[in-house]
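This report concerns only the one structure given below.
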Amino acid sequence: MAKHAVVIAGGGPTGMMLAAELALAQVDVVIVERRAIPDPDRSRAGGLHARTIEVLDQRGVADRFLEEGKAMQIQGFGRIPLDISDFPSRHNYGLALQQIQTERLLATWVQELGVPTTREREVTGFTQDDAGVDVALSDGTSIRADYLVGCDGGRSVIRKAADIEFAGWDPSTSWLMAEVEMVEKPEFGLRPGGGIGPAEGGDRIRVVLTERQVEHTSEPTLQDVSEALIAADGTDYGVHSLSGTSRFTDNTRQAASYRKGRILLAGDAAHVHPPLGGQGLNTGVQDAVNLGWKLAQVVKKTSPQSLLDTYHDERHPVGARVLQNTMAQVALTSPGDRHQALRNTMTELLSMDEPRQSIAAMMSGLDIHYDFGPGHPLLGRRMPDLDIATADGPLRVYELLHGAKPVLLNLDQPRVLDITPWTDRVQLIDAEYGGPWELPVLGSVSAPVAVVIRPDGYVAWVGDGTDTGLRDAMTTWFGGGN
């Protein structure tokens, strides 16, 4: 029987991001993926939000994605545009990038990190005990692992086999997506319940429209697209040459628990929702970055298994919030005069700075706040990517996170902080910074004397000139000292 520390079921963006995080921590991980290659003929996620770009920047690979995508203001709430160019982030924009490109770039990075991927096989079941998990594969073989992570989508075999409840709301609306050609050129723009616009490259057109029927068992046909166009615009524009089809609904569900013993869930296996606002892939990638370093520490026995409970505690509320805001967006984009009145009111509201910033920060992932208790406004929030001066020269804070190791950033002189028991796993950086400290929505905050930054880029401790609470924070997040 093959053995690995971690088996990841599913090689989509969430699974590959988790594999990269574990590989950076030098954990033995394998991906099991049923597809031979990513399917290029499926219309899925079309962009990365600001926080996801920041996460990739923290690992030193953001430029790969920026080179292939188009930086632009892609945020929107119920298709009401939201500009975040005034947000305090190096990446105060979104990135238009098709999922097939995102998967290819992640796959290249994962391969560089030496992670093996087993393709054309899938996990069919498992048996867990106190010491590990026996993972059964579709070819009759099995793998022994310390942990199994289900990144295998909304119909997750792992979640079902673990008997984790997937509560929520059944679908009430179905949309079709397709790339087509048309004899007559339609007017590009939004329609109630959808929109028509140019596809990437060439003369092809992308169609996203609601359908009269909710339940379907197959991909959209040319006839389906024609009927949806006629219902929306009174004509099908001579539609032909169908490709890139998919369907989605407003099915909205979330796993009751993201962990059951040695089984964990991430991405669509943990939460499904309508794709309005483009948050699904981004939420999954950020699940992976939250889980990766914690799982690595538990595998290495530097932290107790209870650290994995913080993964659920932190990410479940984030997922629940996405479910809520996507359901609200479905209401905004539904056809009908009453929904149009709601849309008009929300459009007016989101033209004001404070509501726009609040909703846009939620959609882009820049406002995530993990509850670490009372304290400085930075506590539990993303660390800004400051330009700091160090003994080795100027650096950006995110450069310190390329290796996915935590950082104690000391901005005080002389140093009064001692983390000797943790020097094998935490970087201690003395630096100077005299500029402003700004957070999205909150604005300016007081300058801290020191901060502990977790590998996922969130602030775990803020110093006031003393080491009060430092040892407790180090022990909580990075295990007992040597």
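The values are calculated or read from the model by the stated rules, or taken from the named source; none is laboratory data. Everything numeric in this text was worked out from a predicted model, so none of it was measured. All Cβ positions, glycine included, derive from the backbone under ideal geometry; neighbour counts span all protein chains shown. The protein model used for the area step is the full one, side chains on, heavy atoms only, and it has no ligands, DNA or RNA in it. Shrake-Rupley method; radii C 1.70, N 1.55, O 1.52, S 1.80 Å.
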Fraction in percent of alpha-carbon pairs per bin - 10 Å, region 313-366
22, 46, 28, 5, 0
Can you give me the C-alpha center-to-center distance between region 432-455 and region 16-35, rounded to a whole angstrom?
32
Based on the Cα gyration tensor of the chain, what are the three equivalent ellipsoid semi-axes, each the root of five times an eigenvalue, rounded to whole Å and given largest first?
39, 28, 19
Per principal axis, descending, Cα span of region 249-301 in whole Å:
42, 20, 9
Could you tell me how far the Cα centroid of region 87-107 sits from the Cα centroid of region 111-138, in Å?
28
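Taking the DSSP beta bridges in the chain as the whole, what percent of them are antiparallel, to the nearest 5?
Details: 63 of 84 bridges.
Of the beta bridges lying entirely in the chain, close to 75 percent run antiparallel.
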Dipole-positive endmost among 132, 94, 178 within region 57-178 (Cβ charges, Cα centre):
178
For region 47-122, taking Cα atoms only, what is the radius of gyration to one decimal and the Dmax to the nearest whole Å?
14.5, 46
Normalised contact order of region 369-482, rounded percent, pairs of Cα under 8 Å and 6 or more residues apart:
29
Counting only protein chains, not ligands or nucleic acids, how are 236, 163 ordered by accessible area (probe 1.4 Å), most first?
163, 236
Mean projection of the alpha-carbon convex hull of region 166-205 over all orientations, in nm²?
4.4
Going from most exposed to least, what order do 112, 120 have by accessible area with a 1.4 Å probe?
120, 112
Translational diffusion coefficient (Stokes-Einstein; Kirkwood radius from C-alpha pairs) of region 196-320 at 10 °C, 1.306 mPa s, in µm²/s:
90
Could you tell me the extents of region 96-220's C-alpha atoms along the three principal axes, largest first, rounded to whole Å?
62, 39, 23
Ordering 310, 326 by how much accessible area each has at a 1.4 Å probe, largest first, what is the list?
310, 326
Compute the relative contact order of the chain as a whole-number percentage, counting only Cα pairs closer than 8 Å that sit 6 or more residues apart in sequence.
17
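For region 85-159, report the accessible area per residue in Å² (1.4 Å probe, heavy atoms, rounded to an integer).
44
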On alpha carbon coordinates alone, what is the Rg over Rh value for region 1-106, Rh being the Kirkwood radius?
1.03
Order the peptides 432-444, 81-93 from the highest to the lowest mean number of other Cβ atoms within 10 Å of their residues.
81-93, 432-444
Lys pairs in the chain, Cα-Cα under 18 Å, at least 8 apart or on separate chains: how many?
7
Restricting to Cα pairs under 8 Å and 6 or more apart, the percent relative contact order of region 40-193 works out to 16
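Taking a cut-off of 17 Å, what percent of all Cα-Cα pairs in region 330-411 are separated by more than that?
68
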Where both partners of a DSSP beta bridge lie in region 344-482, what percent of those bridges are antiparallel, to the nearest 5?
80
Karplus-derived 3J(HN,Hα), 6.51/-1.76/1.60, for each residue of region 109-116, Hz, glycine and proline x:
5, 4, 5, 4, 7, x, 7, x
For residue 411, the net charge from surrounding residues (Cβ-Cβ under 11 Å; K, R +1; D, E -1) works out to -2
Could you check how many percent of all C-alpha pairs in region 421-463 are farther apart than 12 Å?
71
Once the principal axes of the Cα atoms of region 367-442 are found, what is the range along each, listed largest first in whole angstroms?
33, 28, 26
Based on a Kirkwood Rh over C-alpha pairs, give the Stokes-Einstein translational diffusion coefficient of region 138-204 at 25 °C and viscosity 0.890 mPa s in µm²/s.
143
